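FYI, it's all coordinate maths here, none of it is from the lab. Bear in mind the structure is a predicted one, so any value in this text is a computation, not a measurement.
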Amino acid sequence: MFDSGVGGLTVLHELLVDLPEEDYLYLGDTARFPYGKRSRDELAALAIDNADELLARGAKLLVIACNSATAAGLDAVRAHLAAKGSPVSVLGVVTPEAIQAVEATRNGRVGLLATEATVSSDAYGAAIRRIDDMIELTSVACPELASLIQSDEPITHEVLTLVRESCAPLIAADVDTVVLGCTHYPLLAPMFQRVLGRNTRIITSGVAIVRRVEHLLSLRGLRSQRQTEGEYRFLSTGDPAVFSALGTRFLQLPIGEVEQVALPAPADIGAPTAV
Ligand code: DGL
């Protein structure tokens, strides 16, 4: 699985808890973070690089544990693998969250908090319409939030103010269900719940994707047969020490060794361009 940084560790956390007998290899593309301000083409290129690295290391299933990369790059990665003749399936986080949101809402009004790339792609709107075209989706882009969460700074009133500002349009739209459409946001789930009110149902990427991973592995006959815990390992395109230090907060488990991998330098891809 891969993410733009450490946020996807919130997804890995759920998989480690629910499917502990599997082995996991996580690639954090911290050198090219943040993804949320990148264009669709840039995101597709980054997602393909990351996928190739993980496939070369023997992945049996690929999980794009990043909403921005899923929203812009899932189809491109699937097409790339099909063109290579790879039998490996690719799952993204958008459809599982959309399914959970449609199941959870009682008043038909769903909110989305996500990066600019995810909101502008309308991937959630499309996924929700495919399931139920009566649902009304209100989307809010939160351009600064993922970087603030990844920055290891203490949680300040500035973060709370951003959360309040992001939630205000959702409260005004009377949503009863909110999709945290960015892997970093679950770290602030208690803050979102307090601001949105306790009756608002919050949907996160990790919890949503676990069942899909389990079903797909079972359907393909790929479930691990071991009765004991599997292994988990990490690759980082940026500084491994920084990845480990930040990562434990997101994973809520020890990180252990992190191997640095070289993928095209940020300069080759370029700084994030406006979405
Ligand atoms: N992990 C990314 C996502 O889920 C957000 C962080 C970023 O901007 O790279 O969309």
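Sequence gap at least 6, Cα distance under 8 Å: using those rules, report the relative contact order of the chain to the nearest whole percent.
Details: 519 pairs, mean separation 82.1, N = 275.
In percent, rounded to a whole number, it is 30.
Cα centroids of the stretch 103-132 and the stretch 1-33: how far apart, whole angstrom?
So the two Cα centres are separated by 23 Å.
Taking 1 over the mean of 1/r across every pair of different Cα atoms in the stretch 1-99, what Kirkwood radius in Å do you get?
Details: mean 1/r = 0.0742 Å⁻¹.
Evaluated over the stretch 1-99, this radius sits at 13.5 Å.
Seen from all sides and averaged, what is the projected area of the convex hull of the Cα atoms in the stretch 118-275, in nm²?
Numbers: hull surface 51.1 nm².
For the stretch 118-275, the mean projected area of the Cα convex hull comes to 12.8 nm².
For the Cα atoms of the chain, what angle does the longest principal axis make with the long axis of helix 94-104, in degrees from 0 to 90, nearest 10?
Once rounded, one gets 40 degrees.
So what is the relative contact order of the stretch 4-125, in percent, for Cα pairs below 8 Å that sit 6 or more residues apart? If you can, show how the numbers build up before the last one.
Numbers: 133 pairs, mean separation 33.4, N = 122.
Once divided by the residue count of the stretch 4-125, the mean separation gives 27 percent.
Which ³J(HN,Hα) values, rounded to whole Hz and listed in residue order, are derived for the stretch 43-55 from phi using the Karplus coefficients 6.51, -1.76 and 1.60 in 6.51 cos²θ - 1.76 cosθ + 1.60 with θ = phi - 60°, glycine and proline given as x?
For the stretch 43-55, the Karplus curve yields 5, 5, 5, 5, 5, 5, 4, 5, 4, 4, 4, 6, 5 Hz.
Hey, what does the equivalent ellipsoid look like for the stretch 81-161, semi-axes from the Cα gyration tensor as sqrt of 5 times each eigenvalue, largest first, whole Å? Write out the running numbers ahead of the final one.
Working: eigenvalues 146, 96, 24 Å².
Equivalent-ellipsoid dimensions as semi-axes: 27, 22, 11 Å.
Roughly speaking, what % of Cα-Cα pairs in the chain are separated by over 33 Å, rounded to a whole number? The partial results should precede the final answer.
Details: 5925 of 37675 pairs.
Tail of the P(r) past 33 Å holds 16 percent of the pairs.
So what's the back-of-envelope 222 nm ellipticity for the chain, counting only DSSP H runs of four-plus at -39500 (n - 2.57) apiece and dividing by all residues, rounded to 500? Please list the in-between numbers first.
Values: 12 runs with 132 residues, N = 275.
Result for the chain: -14500 deg cm²/dmol, rounded to the nearest 500.
Compute the relative contact order of the stretch 164-266 as a whole-number percentage, counting only Cα pairs closer than 8 Å that sit 6 or more residues apart in sequence.
Working: 74 pairs, mean separation 21.2, N = 103.
Relative CO of the stretch 164-266 lands at 21 percent.
How far, in degrees from 0 to 90, does helix 67-84 lean away from the longest principal axis of the Cα atoms of the chain, to the nearest 10?
30 degrees
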